[in-house]
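Okay, so here's the structure we're looking at.
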Amino acid sequence: MLNADFNLLKAALQHKLQAVVTGSDKRQDIIIQQSPDPLDETQFAAERDMVVSLLNRESEMSRRMRAALRRIEEGTYAVCLACEETISVKRLQAVPWAELCLGCQERSDLAADGFFGAEDEQVELGAR
């Protein structure tokens, strides 16, 4: 990987992480609100569920970006955690926090979706 590509990907990761960390604080939106109207209670519960899902997603993205930055520091960035092959620059440009090469990611997605036969090719992180 060229140094210019590497530096651009690192900057993109840092920028995206900063945006997630300093984004709006949604935790205040999960406060339980009481209402005498059952329909309003249902609406509030649905809104809380959505905010919790968004918080979980942001937390997961933050974890993945921090892990990618850690791999950059360790010198293992752009190496698939499953097969240890190089992750393509094109994939890293699209998903700078990618942990798996495209082939391993596809197998992992198929196994997670429960496709028949996919469990035979389940991807284990760190496998050699």
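No value in this document is a laboratory result; all are computed from the given coordinates. Since we're looking at a predicted model, the values are computed, not measured. Cβ sites come from the backbone with ideal geometry, for glycine too, and all protein chains shown count toward neighbours.
Please give the length that would be gained between Arg48 and Gln14 if that part of the chain were fully extended, namely 0.36 nm times their separation in residues minus their C-alpha to C-alpha distance (nm, one decimal). Mind showing how you got there, number by number?
Details: separation 34, 0.36 × 34 = 12.24 nm, distance 2.91 nm.
Value of the extension gain: 9.3 nm.
Given Gly75, Ala46, Met65, which one lies farthest toward the positive end of the charge dipole of segment 40-82, if we put +1 on the Cβ of every Lys and Arg and -1 on the Cβ of every Asp and Glu?
Working it through, the farthest residue towards the positive pole turns out to be Gly75.
Sorting check: for 50-63, 77-90, 96-109, which peptide has the highest mean count of neighbouring beta carbons within 10 Å, and how do the rest follow?
96-109, 77-90, 50-63
For segment 35-49 and segment 53-75, what is the centre-to-centre distance using only Cα atoms, to the nearest Å?
Going from one Cα centre to the other spans 32 Å.
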